[in-house]
1. Scan the range 22-30 and tell me whether some residue there is modelled with pLDDT under 95 and farther than 30 Å from residue 151 by Cα.
2. Can you spot a residue in the range 420-427 that is part of a strand (DSSP E or B) and more than 30 Å from residue 356 (Cα to Cα)?
3. Run down 515, 543, 602 and say which single residue is outside the structural domain of residue 472 (by TED's automatic domain parsing) and crowded, with 18+ Cβ neighbours inside 10 Å.
4. So, in the range 482-509, of the ones that are without any contact (Cβ under 8 Å) to a residue 24 or more places away in the chain and farther than 26 Å from residue 583 by Cα, which residue ends up surrounded by the most Cβ atoms within 10 Å (Cβ to Cβ)?
5. Please work out if residue 353 is surrounded by 15 or more Cβ atoms within 10 Å (Cβ to Cβ), at pLDDT 70 or above, assigned by TED's automatic domain parsing to the domain that holds residue 429 and under 24 Å from residue 94 (Cα atoms).
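The values are calculated or read from the model by the stated rules, or taken from the named source; none is laboratory data. Keep in mind that what you see is a predicted model, and the values were worked out from it rather than measured. Virtual Cβ from ideal backbone geometry, glycine too; neighbours counted across all protein chains shown.
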């Protein structure tokens, strides 16, 4: 009995010592001095180079969108005095192109323009240090609760050990509760009923206390966990703000007398692009005119919303007109003059692009409203990738327009709101009614389906840019097609639908065709083309085919025979204007011979394999539409050989 009492006393003393920390942590502080960890408390930091600068409230009035950037124009109402006054445009995105900043004033003059940058938060700021302290305090409280759970678990294990020991001892030494004189002492090593009952009561009491303490700690931990996570997120946001820049532009204005004026600030920044699209609507089955509407599909993640701004869309190169146009020597060797001029201008924009790619996601996440912040990450990544693809495609298209000496600008028909979340917005550019004539075109070598087309004249007064065309007839949507560049006053054709009333075929007549491999390969070809009118109406169409045209001295095309006879043009295109009576069928024959060296096909296959290899494509580059390739007779010969 002595050893049991001594062991119990030691365990109780140890347990009491371990229970010194309270199972319930101190209450969460509340009141005016408390900080909600779910709300970021970062303060903005400004450059202190001009503490006398007067902040202005400006509005974006005009935006010119290029293929890879935007020119933004802001306006602010200011007071112009005889003394120089410094006005500050603050909180602009950190990727503003320094070299593009311009300023103008409606009254007075501009004395000076300076561009400064600052981080939105600093590690030495009071708000940042407080956020760190709050996060550390919450983390320490969470660790204290974990320690308390560990102590309670140790106490529970000790109680279980005593419980197991007492049961083992009872099975050996328990006495049956027989009556003894009060003065008689229980034998040494035996456990009386009273002693065992006290041990059982003690164990039950301790288990209840431990379970109650564990529940209290777990409840407090569950209550504290959201605050800890919010504090971590807040601290991470503040750490991100220490890497996030903003641009501040300081404009010094001076006038001859006190007056009110409009201060204009313009600058370029990356993160915007646009592409053209069109809608073509016809009224009936035999239209004589169509309504063509052109749109600019603008996508931007520049960090600033364009709220009802006047939008202009340009195909010009935003960096082309950076110097006085002056012809220099046309040298055939290396020349660095023009390169150095372009590099000086583009250096500031390269810095802006690098800042845009590194900071744009965090900047846009910071300015998102609370209801949209939950889905920001997923939508931002999708929209940003789409912007990169459209921008790469548009740059390529506009460069091709510049190579043909064509640039143009389009003004939006109305002010439009374009948010900086990367979502595409369709802005109408113009609407015109064009004269139309319906026609049928068939080119069996390319397709065995004849096409109904609309031949149009662009007399809208402006060019039509390459882009997708949505086709509508009588209010019904027919599908999508593409449009190449069409200059003002130029004729063009648009695909309308498939003419299923015409049946086309084009087959190789193997009886009159042969492939002879000698020192030079000779390939004799004969094609039979048939056109059949399946309808009960007279149908007029334009039938087109072709013969190869050689621009290689090693390849000779000869023995051309065409029936019915027609003269090919310089590209080898054959055209027959046809009028077919109902159920009428017409046949056309095309024969020619090609002579070429045997190695020609092998060279064509090697080139095709090299172009298709993964090494030919730059890794990580967005998928671009493949440009239209020039005609290559070697590819035709390779395809024709497969027919034998």
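1. Narrowing the range 22-30 to residues modelled with pLDDT under 95: 22-30.
Pick out the ones that are also farther than 30 Å from residue 151 by Cα and you get none.
Among the residues of the range 22-30, not one is modelled with pLDDT under 95 and farther than 30 Å from residue 151 by Cα, which makes the answer no.
2. Quick first cut of the range 420-427, residues part of a strand (DSSP E or B) only: 425-427.
If we keep only those that are more than 30 Å from residue 356 (Cα to Cα) too, we end up with none.
Checked the range 420-427: no residue is part of a strand (DSSP E or B) and more than 30 Å from residue 356 (Cα to Cα).
3. Numbers: 515 fails: crowded, with 18+ Cβ neighbours inside 10 Å; 602 fails: crowded, with 18+ Cβ neighbours inside 10 Å.
Of the residues listed, the single one that is outside the structural domain of residue 472 (by TED's automatic domain parsing) and crowded, with 18+ Cβ neighbours inside 10 Å is 543.
4. Here the residue is 482.
5. Values: surrounded by 15 or more Cβ atoms within 10 Å (Cβ to Cβ): yes; at pLDDT 70 or above: yes; assigned by TED's automatic domain parsing to the domain that holds residue 429: no; under 24 Å from residue 94 (Cα atoms): yes.
Considered against the rule, which asks whether it is surrounded by 15 or more Cβ atoms within 10 Å (Cβ to Cβ), at pLDDT 70 or above, assigned by TED's automatic domain parsing to the domain that holds residue 429 and under 24 Å from residue 94 (Cα atoms), residue 353 comes out as no.
Okay, residues lined up against (1) modelled with pLDDT of 95 or more; (2) within 30 Å of residue 598 (Cα to Cα); (3) in the same structural domain as residue 598 (by TED's automatic domain parsing); (4) surrounded by fewer than 16 Cβ atoms within 10 Å (Cβ to Cβ):
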| position | (1), (2), (3), (4) |
| --- | --- |
| 530 | yes, no, yes, yes |
| 537 | no, no, yes, yes |
| 547 | no, yes, yes, no |
| 551 | no, yes, yes, yes |
| 554 | no, yes, yes, yes |
| 558 | no, yes, yes, yes |
| 569 | no, yes, yes, yes |
| 572 | no, yes, yes, no |
| 587 | yes, no, yes, yes |
